[in-house]
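Here is the structure we will look at.
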Amino acid sequence: MARDSQAALTALNRFGFGARGGAAGDFMNAASDPRGFVKAGLSRPNGALLEVPGLLSTPELARQVFDYQFEIQQAREAARVAQSTASESPPQAPDGKQPPQRRNLSLPSVAKEIAAKDPTMQAQTADNANAAMTPGAMQPSVNPQKPPVEPPNIIQKTFRAEALARLQRSVVADCGFVERLVVFWSNHFCISANKGALARMWAGSFEREAIRPHVLGRFGDMLKAVEQHPAMLFFLDNQQSLGPDSRAGINRHRGLNENLAREIMELHTLGVGGGYTQDDVTSLARIITGWTFAGRQGRLGTPGSFVFNANAHEPGTHLVLGKTYLPNGLAQGEAVLSDIARHPSTAKFIATKFTRHFVADDPPPALVARLQDVFTKSGGDLAVLATALVDSNEAWQAPPTKMRSPYEFLVASGRLLARNPEDPGRYLNGLNVLGQPLWSPAGPNGFPDTSAAWASPEGLKLRLDISAQVASQLADRFDPRELLELVAADAASPETRRTIERAESRQQALALLLMSPEFQRR
Amino acid sequence: MDCSENLVMQATSRRALLLGGASFAAWAYLPKLARAADGSDPRLVVVILRGALDGLATVAPIGDPDYAGLHGAIALRADGPNAAMMLDPFFGLHPAMPEFARMYRAKQAAVVHAVATSYRDRSHFDGQDVLESGFPGPGRVQSGWLNRALEALPRGDRIAGERAMSALAVGPTTPLVLRGAAPTVGWSPVALPQAADDTAMRLVDLYQHRDPALASALTQGLQLEKQAQGDDMKPKPGAGGAAAMRLVARGAAKLMAADDGPRIGALAFDGWDTHANEGGPVGRLAQLLGGLDGALAEFESGLGDRWRHTVIVVATEFGRTARINGTEGTDHGTGTVALLAGGAVKGGRMITDWPGLKTANLYQARDLAPTTDLRAVMKGVLHDQFGVGERALADTVFPDSTPVKPMKGLVA
């Protein structure tokens with residue numbers, strides 16, 4: 001079979017995470033059957049699942065974090081009592097708030113260490129995470145035997161374990177198309193770990209439980225799994241939203257929060273301009289009141305599991321997008337989700353975003369129209385959608401104008417240099433530096449997906465700094481000319497080849513290779 | 001295996017601020033962008049608050065009889081603990097902003113209230129696109145109004161046709177408001193050891209042959225001015241969002257204070273989407289406003305003498321509901337505030353045509369009704385600070401905005 005080097009580059013970079021180093025032979029395999037190489041992963045049943053020993057379910061994780069927070073609360077209480085007995089008149093803040101913490105209660109070394117390592121812990125909305133971290137200060141006095149190096153913060157430990165599992169899968173995957181789909185859908189239905197302790201704890205389990213099972217399944221199933229996942233309900237405040245006329249709403253004088261309902265319509269399904277109104281948003285917000293998760297005490301169910309709280313549910317019939325939904329408890333909201341999953345605006349919105357991600361910032365209209373049709377006719381079958389994309393001509397003919405995202409760039413580097421990560425720290429730092437902190441986008445619209453966002457002057461300069469640093473540590477082990485063969489073979493431009501061959505050192509050559517258009521564009 | 005941990009070294013302090021080199025070369029000849037009369041050398045900073053700032057919580061219409069009822073548990077009060085700082089008998093400033101209050105009293109800060117862009121729906125992302133692109137509606141994301149304003153600036157003789165001045169984009173990605181054809185330089189407080197110059201030059205050369213877009217971006221990001229900065233530029237472990245805001249402002253101010261520094265800068269702060277537990281005088285929004293307040297103070301001290309000729313505009317994509325929602329927060333709304341600060345501001349003024357908060361006066365019976373077009377504010381500042389002509393403002397900077405006249409007299 002004829003070797004098609006350009007198509008191999010497309011298969012590896014546009015659809016996958018790039019060629020692996022060593023003897024994997026990815027480029028050769030991709031060149032001999034580009035489409036087959038990309039599609040190989042699609043036919044593997046459950047190929048998107050990530051089951052790694054030690055990774056726990058959302059309720060199990062909830063129990064750990066609830067226990068942890070409870071312990072902290074106890075310790076804080078104990079310390080407060082000890083403090084007020086030690087000091088006859090605790091200093092009173094002028095505004096009548098809690099007295100300020102005394103200086104002799106030192107911050108826990110662990111909390112400091114974590115804060116120093118992970119800037120995402122410092123985000124402005126990390127109130128809960130901070131609440132979970134700071135009081136660890138009291139632990140040394142409560143449990144003086146504890147060795148100082150033991151990381152007691154279960155939240156950070158969990159986040160790193162989840163990150164590691166995801167990174168390892170990305171780095172070792174054959175082509176990586178299925179993992180790229182996971183990343184795409186995970187960003188489409190993103191949460192942010194910066195929302196607080198629970199979000200950080202659940203960022204990984206959310207992806208494993210709500211996204212991965214449906215990446216090769218149905219959009220409607222993914223939508224339902226996402227909107228009923230505790231992580232999403234927490235991220236977009238729905239656990240706080242009460243039907244104004246529900247029993248809980250009346251008793252507690254609280255009511256609606258339309259955050260989740262709006263983002264379901266705007267970001268998850270119909271898209272802006274998808275034909276919904278403010279009334280539809282408010283209506284859907286009413287319908288999904290009561291969608292929440294059970295708390296620590298498990299009054300409503302297993303702590304940390306999705307529950308429908310009828311007490312918080314707004315009673316009555318509601319109108320959404322011109323259709324009447326009769327009061328039917330949980331099923332009322334599920335019926336709405338099922339309908340909007342099949343709405344033509346959703347098909348258009350998803351087809352456009354999907355094509356923009358993989359093919360071009362301005363996606364070819366004919367391809368978008370075809371994928372929209374495929375989405376509709378297949379009932380939102382996402383494996384069929386992905387197959388149609390790979391089978392299209394446009395996806396192979398469009399020039400590589402997209403930039404790799406920071407995640408794709410770092411993973412591609414790790415694959416080429418055969419760095420199967422054993423510690424996620426370097427990757428997480430790199431993602432922070434490049435503006436794509438893992439599972440922590442700035443807003444519910446996820447990370448940007450256009451070249452303009454990632455090819456910024458500062459972003460490019462930082463990529464170069466990172467490449468130079470990686471090269472300074474690893475270049476001695478490789479011949480850069482051989483790496484170029486693995487990356488692009490005869491699809492490499494003469495200029496790139498010459499630049500690498502004429503570099504003044506292996507280090508410089510590797511840095512230039514990692515920054516070459518062949519490695520950065522897709 | 002030791003090889004697994006070396007992919008990306010820990011971010012360490014580079015302690016260097018980056019300036020675009022091509023533009024740096026040009027700056028030696030850059031004519032002062034003089035305001036015709038007094039020959040001053042003005043600076044403009046645009047601060048975008050992403051997530052929609054609750055204007056009624058930032059500058060509260062305490063004298064409006066309907067305010068306390070609508071804003072409920074989180075409403076500010078004129079007296080008692082954590083009282084708002086009254087800017088006039090009607091409006092009170094959030095108590096987390098003492099620096100802004102001081103500037104206001106010194107007539108170096110003003111508030112525009114009941115202001116909004118031309119966008120009337122409630123998507124953050126479309127709202128931000130309109131705010132930053134300067135187009136009347138969403139969907140235009142190729143360039144931002146501040147970049148096009150740069151293009152419209154009168155060019156100096158020595159660099160005629162070649163390059164206007166560059167603007168400073170703070171953060172790892174360029175905010176839309178500054179994207180476009182005019183040159184920008186980037187700076188971000190996160191730092192790494194830098195690649196060697198020779199490596200960078202070779203890469204620029206490769207890009208020039210193979211990928212002009214990357215060549216131009218990298219050139220701008222690269223050719224650098226290392227400016228001395230002390231230990232105080234290092235992000236402090238445990239620093240919260242407020243400290244991060246100060247840090248970013250401090251770095252940007254330092255760059256812009258230099259004789260050859262960028263005259264125009266843009267930065268964005270996230271996190272203003274206060275759907276739940278927004279908090280009143282203390283709480284979540286208070287922390288954010290405290291950070292913003294600190295950032296303004298950093299600009300004031302960091303810009304030194306330049307502060308006298310500086311205008312900072314703080315704007316957000318839209319406001320929030322007048323009535324708090326069921327979770328002691330506010331949902332997406334319409335009218336909000338814009339804040340002006342700087343020695344060049346004709347300050348000490350509340351600028352508003354107050355629509356009132358009676359239900360009949362609210363936009364769609366839920367939001368503060370906008371009575372001022374934010375573009376009028378931006379146009380006024382661009383006209384007064386840099387002499388951008390009204391025609392350019394109406395045609396290219398804010399396309400299709402002829403009926404929106406520049407607000408006069410914002411700059412002293």
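What follows is calculated from the coordinates using simple rules that are stated; it is not laboratory data. All values reported here derive from a predicted model rather than from experimental measurement. Note that we place each Cβ from the backbone using ideal geometry, even for glycine, and neighbour counts take in every protein chain shown.
What does the charge add up to near A:Arg370, with Lys and Arg as +1, Asp and Glu as -1, over the other residues with Cβ less than 11 Å from its Cβ?
Net charge around A:Arg370: -2.
Report the label-to-label distance for B:Asp395 and A:Asp33 in nanometres (one decimal), using points 7 Å from each Cα along the Cα→Cβ vector.
6.1 nm
Could you pull the Rg and Dmax for the range A:335-404, using just the Cα atoms, both in Å?
Final numbers for Rg and Dmax: 12.3, 42 Å.
Tally Lys and Arg at +1 and Asp and Glu at -1 over the other residues with C-beta under 11 Å from the C-beta of A:Val281: what net charge comes out?
-4
Once phi is turned into ³J(HN,Hα) by the Karplus curve 6.51 cos²θ - 1.76 cosθ + 1.60 with θ = phi - 60°, what whole-Hz value does each residue of the range B:393-409 show in order, with x for glycine and proline?
Running phi through 6.51 cos²θ - 1.76 cosθ + 1.60 with θ = phi - 60° gives 4, 7, 9, 10, 6, 10, x, 6, 10, 3, x, 8, 7, x, 6, 8, x Hz.
Starting at the first residue of the range A:238-246, write each ³J(HN,Hα) from the Karplus equation 6.51 cos²θ - 1.76 cosθ + 1.60 with θ = phi - 60°, in whole Hz, x for Gly and Pro.
Once rounded to whole Hz, the list reads 5, 5, 9, 7, 10, x, x, 9, 6.
Show the residues, 5+ positions off or on another chain, whose built amide H is closer than 5 Å to the amide H of A:Arg218.
Residues meeting the criterion, in which the H sits 1.01 Å from N, are A:Leu382.
So for each of B:285-294, A:234-243 I average, over its residues, the number of other beta carbons within 10 Å; can you give me the resulting order with the highest mean first?
In decreasing order of mean packing, B:285-294, A:234-243 become A:234-243, B:285-294.
Once you've got the Cα coordinates, tell me which of A:Lys323/A:Lys353; A:Lys377/A:Lys402; B:Lys346/B:Lys405; A:Lys195/A:Lys323; A:Lys353/A:Lys377; A:Lys402/B:Lys254 are over 23 Å apart.
The pairs that break the limit, which is 23 Å between Cα atoms, are A:Lys323/A:Lys353; A:Lys377/A:Lys402; A:Lys195/A:Lys323; A:Lys402/B:Lys254.
Does anything in the range B:361-387 have its amide N under 20 Å from the 7 Å Cα→Cβ label point of B:Lys107, and if so which residues?
B:381, B:384-385
What angle do you read, to the nearest 10 degrees and between 0 and 90, between the alpha-carbon axis of helix A:278-287 and the longest principal axis of chain A?
Taking the Cα atoms of chain A, the angle to A:278-287 is about 60 degrees.
Using a Förster distance of 41 Å, how high is the FRET efficiency between A:Asp476 and A:Thr302, based on the Cβ-Cβ distance and rounded to 0.05?
0.20
Are there GluC sites (Glu not before Pro) in the range A:371-449 that DSSP puts in a loop and that have at most 16 other Cβ atoms within 10 Å, and which ones?
A:Glu422
Just grab the label-to-label distance for A:His253 and B:Asn361, each label 7 Å out from Cα along the Cβ direction, in nm (one decimal).
That separation, rounded to one decimal, is 2.5 nm.
Averaged across the residues of B:268-278, what count of C-beta atoms belonging to other chains lies within 10 Å of each residue's C-beta?
Average per residue, whole number: 4.
Would you mind checking the tilt of helix A:58-86 against the longest principal axis of the Cα atoms of chain A, expressed as 0 to 90 degrees and rounded to 10?
Result, in degrees: 50.
Could you give the nm distance between label points at A:Ser493 and B:Asp305, where each point is 7 Å from its Cα heading toward the beta carbon?
Label at A:Ser493, label at B:Asp305, 4.7 nm between them.
Report the normalised scattering of the range B:332-403 as log10 I(q)/I(0) at q = 0.17, 0.23, 0.28 Å⁻¹, calculated by the Debye formula with identical scatterers on the alpha carbons.
Rounded to two decimals, the profile gives -0.78, -1.04, -1.19.
Quick one: Debye curve from the C-alpha atoms of the range B:279-323, no solvent, what's log10 I(q)/I(0) at q = 0.18, 0.24, 0.25 Å⁻¹?
-0.71, -0.94, -0.96
Return the long-range amide H neighbours of A:Thr302 (sequence gap of 5 or more, or a different chain), with a cut-off of under 5 Å between placed amide H atoms.
Here nothing satisfies the definition.
When the Karplus curve 6.51 cos²θ - 1.76 cosθ + 1.60 is applied with θ = phi - 60°, which whole-Hz ³J(HN,Hα) does each residue of the range A:414-426 get, with x for Gly and Pro?
x, 5, 4, 8, 6, 9, 6, x, 10, 9, x, x, 5
Rounded to two decimals, what ratio of Rg to Rh does chain A give with C-alpha atoms and a Kirkwood Rh?
Here Rg/Rh amounts to 1.01.
Which angle from 0 to 90°, rounded to the nearest 10, does the C-alpha axis of helix A:177-188 make with the longest principal axis of chain A?
40 degrees
Plugging the Kirkwood radius over Cα pairs into Stokes-Einstein for the range A:203-306, at a temperature of 20 °C and a viscosity of 1.002 mPa s, what D comes out in µm²/s?
The Stokes-Einstein estimate is 148 µm²/s.
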